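Peer 1: A single structure is presented below for examination.
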Amino acid sequence: MTTDMVRDYLSTQLPLELNAQLHFRLLRNVFVLVFMSSVVIHLLDQQAGSLPGMLIHATTIGLLYTIGVGIATALLHAFRNAMQRVHVWHVWTVSLAGFILGYYFLPVDDLIAGLLDVDTDGHVGALGFFRLLPIWFLLTYLIVQPYLNESLRTELARLRDVNEMLERRNRGPDRTDQLVHFESGRTEFTLNADVIRNVAVEDHYCYVHYRHEDGYTKRDLAMPLRDVFAMLPSDFVQVHRSHIVNLHHIASIKRKGRSIYLSLDGDYEVPVSRHRLENVLPLIRQQISD
């Protein structure tokens, strides 16, 4: 998994909407996973305590973490209106903080066992912090996935809507009054903004891709991408840290797995960073409307 894939995953926006059935399923899965993990850890450690003590301990831990996950999701729902956008990394951060705090609440198990007069034989001590980290990871994954799946379904519907608008788009003639003059070192050339399809970073160089005769060609430019972007008119948008596109040259937008790509004229594909997608889609809509 590349750094870009991790960044796109963590920056995916979440709708934070779960129906009662999905929420119940989430909490059930949390309880079962924690309960079974606690039992397995005790069996591997060959604890000498009684079977009732082990089962009570596993049940208590499962309930504690289920309550914790329920509170965490409730807080996320409560604060979603105050936060303009909630992303995957928000959930992972809240989950990690809750896990660290929850670990120090585990001695509650000893209190419950004492009230029930059951010997746990130090079962809490068997659940070390780092042993529980894989369990935390799986729990957080269970929390994130329902939200993420719903987000991807919503996103797919939005992409279909934008593609339908792109298919109906009535492209006008090129505007000849928007000229862009590029000059860097020994490189100097001027292009009509409308013929520029995109700018891409390749091997530490910027390449300006533009329409030429019956196809497309490109010219290198020894400039940082941010400087090139500052020279371009408002019809251009940066969709990735290495790519700028002309909105007029977008043919369609599609999803491959969890990655988003723009198909440009000339059968050229450009990746779209997820943290930029929320800005790109409205700009495409606006360009089509104009």
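The values are calculated or read from the model by the stated rules, or taken from the named source; none is laboratory data. Just so it is clear, the model here is predicted, and its values are computed rather than measured. Note: ideal-geometry Cβ built from the backbone for every residue, glycine included; neighbour counts use all protein chains shown.
Peer 1: Can you name every residue in the range 134-171 that is hydroxyl-bearing (Ser, Thr, Tyr) and crowded, with 17+ Cβ neighbours inside 10 Å?
Peer 2: If we filter the range 134-171 for residues that are hydroxyl-bearing (Ser, Thr, Tyr), which is where we start, we get 140-141, 147, 151, 154.
Answer for the range 134-171, where residues must be hydroxyl-bearing (Ser, Thr, Tyr) and crowded, with 17+ Cβ neighbours inside 10 Å: THR140, TYR147, SER151.
Peer 1: Checking the conditions here, which among VAL237, VAL208 is surrounded by 18 or more Cβ atoms within 10 Å (Cβ to Cβ), assigned by TED's automatic domain parsing to the domain that holds LEU281 and either in contact (Cβ under 8 Å) with a residue 40 or more places away in the chain or in contact with a helix residue (DSSP H, G or I) (Cβ under 7 Å, 6 or more places away or on another chain) (or both)? Break it down stepwise before answering.
Peer 2: Working: VAL208 fails: either in contact (Cβ under 8 Å) with a residue 40 or more places away in the chain or in contact with a helix residue (DSSP H, G or I) (Cβ under 7 Å, 6 or more places away or on another chain) (or both).
Criteria check complete, one pass: VAL237.
Peer 1: In addition: Given the condition of a type in the set (Lys, Arg) and at pLDDT 85 or above, answer yes or no: does some residue in the range 250-267 qualify?
Peer 2: Going residue by residue through the range 250-267, those that are of a type in the set (Lys, Arg) are 254-256, 258.
Checking which are at pLDDT 85 or above leaves us with 254-255.
Scanning the range 250-267, I find at least one residue that is of a type in the set (Lys, Arg) and at pLDDT 85 or above, so the answer is yes.
Peer 1: Could you please find all residues in the range 156-174 being at pLDDT below 85 and either of a type in the set (Phe, Trp, Tyr) or touching a strand residue (DSSP E or B) at 6+ places or on another chain (Cβ under 7 Å) (or both)?
Peer 2: Within the range 156-174, LEU156, ASP174 meet the criteria.
Peer 1: Looking at the range 266-284 only, could you name the residues that are loosely packed, with under 15 Cβ neighbours inside 10 Å and in contact (Cβ under 8 Å) with a residue 24 or more places away in the chain? Walk me through it before giving the result.
Peer 2: We begin by selecting, within the range 266-284, every residue loosely packed, with under 15 Cβ neighbours inside 10 Å; these are 266-267, 269, 278-279, 282.
Selection gives GLY266, GLU278, ASN279.
Peer 1: Taking the stated definitions as given, is PHE130 within 30 Å of MET54 (Cα to Cα), modelled with pLDDT under 75 and either of a type in the set (Phe, Trp, Tyr) or outside the structural domain of PRO52 (by TED's automatic domain parsing) (or both)? First the steps, then the outcome.
Peer 2: On the way: within 30 Å of MET54 (Cα to Cα): yes; modelled with pLDDT under 75: yes; either of a type in the set (Phe, Trp, Tyr) or outside the structural domain of PRO52 (by TED's automatic domain parsing) (or both): yes.
So PHE130 passes the test.
Peer 1: While we're here: If you take just the strands (runs of 3 or more DSSP E) that sit entirely in the range 144-231, which of them hold at least 1 residues that are in contact with a Leu (Cβ under 6 Å, 6 or more places away or on another chain)? Before the answer, list the steps.
Peer 2: Details: elements: 179-184, 187-192, 196-202, 205-212, 215-221.
Counting at least 1 such residues, we get 179-184, 187-192, 196-202, 205-212.
Peer 1: Still on this structure, I have one more. Of all residues in the range 239-290, count the ones that are touching a Leu at 6+ places or on another chain (Cβ under 8 Å), in a loop (DSSP other than H, G, I, E, B) and of a type outside the set (Ser, Thr, Tyr).
Peer 2: 2
Peer 1: Test of understanding: among ALA200, ALA251, which residue is touching a Ser or Thr at 6+ places or on another chain (Cβ under 8 Å) and surrounded by fewer than 19 Cβ atoms within 10 Å (Cβ to Cβ)?
Peer 2: Working: ALA200 fails: surrounded by fewer than 19 Cβ atoms within 10 Å (Cβ to Cβ).
When all the criteria are applied, what remains is ALA251.
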